[in-house]
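Comments concern the structure below.
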Amino acid sequence: MKLKYAIDLGATPQKVWDWIGNSQKAMMWQTNVTKGEILEQTPNMIGTTFRETIEEDGGSTEMKGVITDYKENKVLAMHLDGKYNMVDVEWHVEDIGKVTRLTAYFDIRFKSVVKILSIINRPILKKKIMDQLQGEFARLKELCECDD
């Protein structure tokens, strides 16, 4: 399932980047990520591995990830692999004048039984994910636009 979500934020690209590139700060607006840990960090960030705990609907699962692209204040891409799915995420930060546009691309591929259920419930699942993204991005907007 491929999804795209974009939002314009009244903040500098550097401030937006700090909220997406800093895993501890990202957990303040990403509602289902409850724990994150860098396993091995590379000098240029590409190839850096990490682990996240995702909690949803009363359960939790662990996902391992690797950063696949990194251009500070511009692009952060990662591949995550867990028990139920694999996700490729790309965050693009773009200075468009008075605002910064943040665009996120998601490619979610489900595994095993969840794959079958995701095909059957695709419209419901897509709406649930988009609703979650809308809430998370609204929270990110608040955080980016508040005065420090």
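Just a few scattered comments:
- Remark: the Ser112-Asp81 segment gains 9.8 nm on full extension, using 0.36 nm per residue and subtracting the alpha carbon distance.
- Each of Tyr5 and Ile124 was given a label point 7 Å from its Cα along the Cα-to-Cβ line. The distance between the two points is 2.0 nm.
- Separation of the Glu40 and Ile96 label points, Cα + 7 Å toward Cβ, nm: 3.9 nm
- Over the chain, Cα pairs under 8 Å with separation of 6+ residues give a relative contact order of 26 percent.
- Among Ile46, Ile124, the ranking by other beta carbons within 10 Å of each residue's beta carbon, starting with the fewest, stands as Ile124, Ile46.
- Angstrom value of the Kirkwood radius, inverse mean 1/r, which spans all Cα pairs in the stretch 2-145: 15.8 Å
- Flagged links, alpha-carbon separation over 27 Å, of Lys4/Lys83; Lys35/Lys128; Lys71/Lys128; Lys15/Lys126; Lys35/Lys141: Lys71/Lys128; Lys15/Lys126
- With viscosity 1.002 mPa s and temperature 20 °C, the Kirkwood radius over alpha carbon pairs of the stretch 19-102 converts through Stokes-Einstein to a diffusion coefficient of 157 µm²/s.
All of the numbers you see were taken from the coordinates with simple rules; none came from a lab. All values reported here derive from a predicted model rather than from experimental measurement. Cβ sites come from the backbone with ideal geometry, for glycine too, and all protein chains shown count toward neighbours.
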